[in-house]
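K.L.:
The following block contains the structure, expressed as structure tokens.
The values are calculated or read from the model by the stated rules, or taken from the named source; none is laboratory data. Keep in mind that what you see is a predicted model, and the values were worked out from it rather than measured. Quick reminder, even Gly has a Cβ in these numbers, built from the backbone with ideal geometry, and neighbours come from all protein chains shown. For the accessible areas, the whole protein counts, side chains as well, though only heavy atoms, and no ligand, DNA or RNA atoms are used. Shrake-Rupley method; radii C 1.70, N 1.55, O 1.52, S 1.80 Å.
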Amino acid sequence: QRQMCIRDRETGDIEHSANQHQHTIETSRKHYIAVENRIAITELNDYFKNLATTINLYRNEPVGIREAETDEGHQGTTGRCLSNGEGPRRHDGFTEATPEPRCSAMLTCFFCAHYGLERSLDELVMLLSIRQWLPLHSKSKSLNIDEHMIKFEPMIRRIDDLLAIFSTKSSENRALYEEAKKQVEWGNLHPYWSLKIAALEHAGIEGNGEIE
């Protein structure tokens, strides 16, 4: 994949790359676009990281993952709701610097006591897709870095922690995580979040700008 990426960028000839690697032109184009998007988003992530002050999400150690069984709870676009009819509430392990969970604001689900994840490739691709979308969304909404730090950085940090906790739990989990990363790198994102990323890009939101 690395060699394919380099050849794409050096020649700019997607058709040539497709022939070289015995892929269809559409597959090669999809990979090329995914690589370009990933580079732009990495640049934006690095910018935020360099400016960010420490955000204390947890009262003590990071809140773990509540693992959901297949078809358990309600499947949403950020994970599983395992509330059994109870209202949303912030997990006791999070500080007040984190968003107060609301069912009408799906990204706040990451901090809810009823939030869960199924151990599956689809769930990991979903998380990685959200992680790719969030910096672009912040770029379109945040007036400055302070607003980004308050509204979006806690969610980005929590997703990073969820992925780290999951991938270090076992060798099987690590393999599943690596496969999910591969799928996202090739542009096979979660359908809902893929559309949201495409909409931002269509509106001219790129990952190489700055928030002043």
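K.L.:
So for the stretch 170-182 (the condition being open to solvent by 20 Å² or more (accessible area, probe 1.4 Å), within 13 Å of the chain's Cα centre (by Cα) and farther than 28 Å from Arg90 by Cα), does at least one residue qualify?
P.N.:
yes
K.L.:
Is it fair to say Glu153 is open to solvent by 10 Å² or more (accessible area, probe 1.4 Å) and either without any contact (Cβ under 8 Å) to a residue 24 or more places away in the chain or touching a Leu at 6+ places or on another chain (Cβ under 6 Å) (or both)?
P.N.:
Spelling it out, it is not the case that Glu153 is open to solvent by 10 Å² or more (accessible area, probe 1.4 Å) and either without any contact (Cβ under 8 Å) to a residue 24 or more places away in the chain or touching a Leu at 6+ places or on another chain (Cβ under 6 Å) (or both).
K.L.:
May I ask you to list the residues in the stretch 71-118 that are within 16 Å of the chain's Cα centre (by Cα) and assigned to a loop (DSSP other than H, G, I, E, B)?
P.N.:
Across the stretch 71-118, the qualifying residues are Gly76, Thr77, Thr78, Gly79.
K.L.:
For the stretch 170-186, indicate whether the set of residues that are over 18 Å from Glu118 (Cβ atoms), in contact with a Leu (Cβ under 7 Å, 6 or more places away or on another chain) and part of a loop (DSSP other than H, G, I, E, B) is non-empty.
P.N.:
The answer is no, given that none of the residues of the stretch 170-186 is over 18 Å from Glu118 (Cβ atoms), in contact with a Leu (Cβ under 7 Å, 6 or more places away or on another chain) and part of a loop (DSSP other than H, G, I, E, B).
K.L.:
Take the residues of the stretch 129-146 that are within 19 Å of Glu100 (Cα to Cα) and free of Cβ contacts under 8 Å to residues at least 40 places away in the same chain: which is surrounded by the most Cβ atoms within 10 Å (Cβ to Cβ)?
P.N.:
Leu134
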